[in-house]
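Enquirer: Quick one: the structure is below, and I'll ask about it shortly.
The values are calculated or read from the model by the stated rules, or taken from the named source; none is laboratory data. For clarity, every value in this text was computed on a predicted model and none was experimentally measured. Reconstructed Cβ throughout: ideal geometry from the backbone, glycine too, with neighbour counts over all protein chains shown. Note: areas computed on protein heavy atoms with side chains; ligands, DNA, RNA excluded. Shrake-Rupley method; radii C 1.70, N 1.55, O 1.52, S 1.80 Å.
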Amino acid sequence: MAVLPPSTLGMIGGGQLGRMFTATAREMGYEVIVLDPDPASPAGSLASAHLCAAYDDAPALDELAARCAVVTTEFENIPAAALQRLAGQVEVHPSAEALAIAQDRIREKNFIRSLGLPTSPFVVLETDADLDRLEGMEWPAILKTATLGYDGKGQIVCADAAQARDGFAELGVPCVLERRIDLALEVSVVLGRDAAGRCHAYPLAENRHAGGILDVSILPAAIDEALAEQARQAAVRIADGLDYRGVLAVEFFVARDGALLVNEIAPRPHNSGHFTQDACHCSQFELQLRMICGLPPGNLQLRTPVAMLNLLGDLWPDEGEPDWAGVLEIEDACLHLYGKKQARPGRKMGHVNCLADSREQALDRLSRVRRVLNRL
Ligand SMILES: Nc1ncnc2c1ncn2[C@@H]1O[C@H](COP(=O)(O)OP(=O)(O)O)[C@@H](O)[C@H]1O
Ligand SMILES: [Mg+2]
């Protein structure tokens, strides 16, 4: 049975992804209850109600379960036990099992490999005894904490085994060490998988990172159709393997030698899917809602070329705000801000979707937005 308006939906996590989901759901006539410990969370202020409590707060979880028809999340680092507690009382998508795999790079990479999909070559380092494994490694490599890393945090580039040994000692937690790939391109697939197990994918996004953080996504991606199809099929295989329900993002590397490698997955809408808000009829947040509510996917086609620019806290002046008027003057530049009070370097504060008639024109508009925001 489909969950229809004015039902109440539960969102665990109150960051920008939760906020954009909440805005979409409320626009469609649903109520949304957000569970997040931050009293100033971006999603809380738009929600019908904000349960301001820790993610593993049992009374808050039980209240969420009692008041909601279905619960979802925007954040992979929810303790699995919290989702399991909810799952005993209310529908929860995605599942605790899917989250447990996505939140741990060791499980994630082993899972992807178990499906027969290629990743960058890696070794797992959990204890000092595992340091023997460095012998077979090719350099340079990147050491990544198994859990809690995001936006390039918890990563150390290592030129050789000695640096990897030092890095592992410095991080002091289980890690994966993976070969640094000579990248031609990065792309991602954002898809929704429904209750019947059917996958519905958006066109591939081409992603450019700066300092380990997504900077720009561009559509259509500059990738040939055969490789795009290979990526879509890999993403579907992952979603099927997880028996996933909801929106899933899969990040890929395209190596200079043409190989397509799975980088990582995100069990939620994804920064590289923000273009869908303005360039598709059904945004990734509406798709998440439709998938968890048992509804059909909506139209996921690209209506127009688009380039998305992330706005990090670095752009904020010491006093006041960036030049929003200047941004809003640019033709077909769509501004999205997350309502965060504190701008910090590297913090995601908003994004701009630049729509255009061609990829080149979209990138040109994006450059204009960048110039305005950098006061050039
Ligand atoms: N093995 C690798 N080879 C080349 N670049 C990498 C590699 N791992 C990470 N990167 C770069 O760093 C970015 C962030 O790394 P990622 O593993 O996706 O972590 P996060 O969870 O922080 O997004 C990637 O999108 C890519 O640009
Ligand atoms: Mg990533």
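Enquirer: Please give the FRET efficiency for R344 paired with S367, using the beta carbon to beta carbon distance and R0 = 25 Å, rounded to the nearest 0.05.
Expert: Rounded to the nearest 0.05, the efficiency is 0.50.
Enquirer: Which semi-axes, in whole Å and largest first, does the equivalent ellipsoid of the chain have when worked out from the alpha carbon gyration tensor as the square roots of 5 times its eigenvalues?
Expert: Details: eigenvalues 180, 144, 94 Å².
Semi-axes (√(5λ), whole Å): 30, 27, 22.
Enquirer: Another question, then. With unit charges on the beta carbons (Lys and Arg positive, Asp and Glu negative) and the dipole taken about the Cα centre of region 218-376, which residue among Q233, I330, M349 sits farthest to the positive side?
Expert: Farthest towards the positive pole: M349.
Enquirer: Next up: Could you tell me which of G13, Q89, C68 has its Cα farthest along the dipole of region 8-92 towards the positive end, charges placed at Cβ (Lys, Arg +1; Asp, Glu -1), taken about the Cα centre?
Expert: C68
Enquirer: Compute the Cα gyration tensor for region 1-84, then decide on rounded, prolate or oblate, letting a ≥ b ≥ c be the square roots of its eigenvalues: rounded whenever a/c is under 1.5, prolate when a/b is larger than b/c in the other cases, and oblate in all that remain. The partial results should precede the final answer.
Expert: On the way: a/c = 1.69, a/b = 1.23, b/c = 1.38.
It is oblate, given that a/c is not under 1.5 and a/b is not larger than b/c.
Enquirer: Hey, how many Å between the Cα centroid of region 80-136 and the Cα centroid of region 2-30?
Expert: What the calculation gives is 28 Å, centre to centre.
Enquirer: Per residue, how much accessible area does region 183-373 show when a 1.4 Å probe rolls over the protein heavy atoms, in square angstrom? Intermediate results must be reported in sequence, preceding the final value.
Expert: Details: 7400 Å² over 191 residues.
Computed with neighbouring chains in place, this is 39 Å² per residue.
Enquirer: Give a residue-ordered list of calculated ³J(HN,Hα) values for region 34-51 (Karplus: 6.51 cos²θ - 1.76 cosθ + 1.60, θ = phi - 60°; whole Hz; x for Gly, Pro).
Expert: 9, 10, 7, x, 8, x, 9, 4, x, 7, x, 6, 9, 6, 5, 8, 10, 8
Enquirer: Explain nothing, just compute: Karplus ³J(HN,Hα) = 6.51 cos²θ - 1.76 cosθ + 1.60, θ = phi - 60°, for every residue of region 312-323 in order, whole Hz, x for Gly and Pro.
Expert: 9, x, 4, 7, 7, x, 4, 10, x, 10, x, 7
Enquirer: Also, I was wondering about something else. Where nothing but the Cβ of Lys and Arg (+1) and of Asp and Glu (-1) is charged, how large is the charge dipole of the chain around its Cα centre, in debye to the nearest 20?
Expert: It comes to approximately 460 debye.
Enquirer: Under unit Cβ charges (Lys, Arg +1; Asp, Glu -1), what dipole magnitude, rounded to 20 debye, does region 8-92 have relative to its Cα centre?
Expert: It works out to roughly 140 debye.
Enquirer: If exposed means no more than 14 neighbouring beta carbons inside 10 Å and the site is in a DSSP loop, what's the longest run of the chain without any exposed GluC sites (Glu not before Pro)? Don't skip to the end; give the middle numbers.
Expert: Working: sites that count: E126, E138, E319, E329, E331.
So the longest stretch without any such site is 139-318.
Enquirer: Ok, one more. Accessible area per residue for region 8-92 in Å², computed with a 1.4 Å probe and the full protein assembly in place, what is it?
Expert: Solvent-accessible surface per residue comes out at 36 Å².
Enquirer: Count the net charge of all other residues whose Cβ sits under 12 Å from the Cβ of P37, scoring Lys and Arg as +1 and Asp and Glu as -1.
Expert: Residues close to P37 contribute a combined charge of -4.
Enquirer: Sticking with this structure for a sec: In the neighborhood of K348, defined by Cβ-to-Cβ distances under 9 Å, what is the net charge if each Lys or Arg adds +1 and each Asp or Glu adds -1? Working shown, then result.
Expert: Values: positive: K340, R347; negative: D151.
Net of charged neighbours comes to +1.
Enquirer: Also, I was wondering about something else. Give me the accessible area per residue for region 121-179, probe 1.4 Å, as a whole number in Å².
Expert: Ligands and nucleic acids excluded, the figure is 52 Å² per residue.
Enquirer: Is the C-alpha gyration tensor of region 175-221 telling us rounded, prolate or oblate? Criteria: a/c under 1.5 is rounded; beyond that, a/b larger than b/c is prolate, otherwise oblate.
Expert: In terms of gyration-tensor shape, oblate.
Enquirer: Sticking with this structure for a sec: Select from S358, L191, A255 the residue farthest towards the positive end of the dipole of region 183-373; place +1 on Cβ of Lys and Arg, -1 on Cβ of Asp and Glu, and compute about the Cα centre.
Expert: L191
Enquirer: Now a separate question. Looking at region 271-376, which trypsin sites (Lys or Arg not before Pro) are DSSP coil and have at most 10 other C-beta atoms within 10 Å of their C-beta?
Expert: In loop regions of region 271-376 (DSSP not H, G, I, E or B), the sparsely surrounded trypsin sites (Lys or Arg not before Pro) are K341, R375.
Enquirer: Right, here's the next one. Net charge near A102: determine it from the other residues with C-beta under 9 Å of the C-beta of A102, scoring Lys and Arg +1 and Asp and Glu -1.
Expert: Around A102, the charge tally is -2.
Enquirer: With a 1.4 Å probe and every protein chain kept in, tell me what percent of the accessible surface of the chain is carbon plus sulfur.
Expert: 49
Enquirer: State to the nearest 20 debye the size of the charge dipole of region 175-267 about its Cα centre, where the only charges are +1 on K and R beta carbons and -1 on D and E beta carbons.
Expert: Around 180 debye, computed over region 175-267.
Enquirer: Then there's this: Decide, for region 183-373, between rounded, prolate and oblate: order the square roots of the alpha carbon gyration tensor eigenvalues as a ≥ b ≥ c, take rounded if a/c falls under 1.5, and otherwise choose prolate if a/b is larger than b/c, else oblate.
Expert: prolate
Enquirer: Here's something else I'd like to know. Trypsin sites (Lys or Arg not before Pro) within region 159-197: which are DSSP loop residues with at most 15 other Cβ atoms inside 10 Å? All intermediate terms of the calculation are to be shown ahead of the outcome.
Expert: On the way: sites: R165, R179, R180, R193; in loops: R180.
Answer by residue number: R180.
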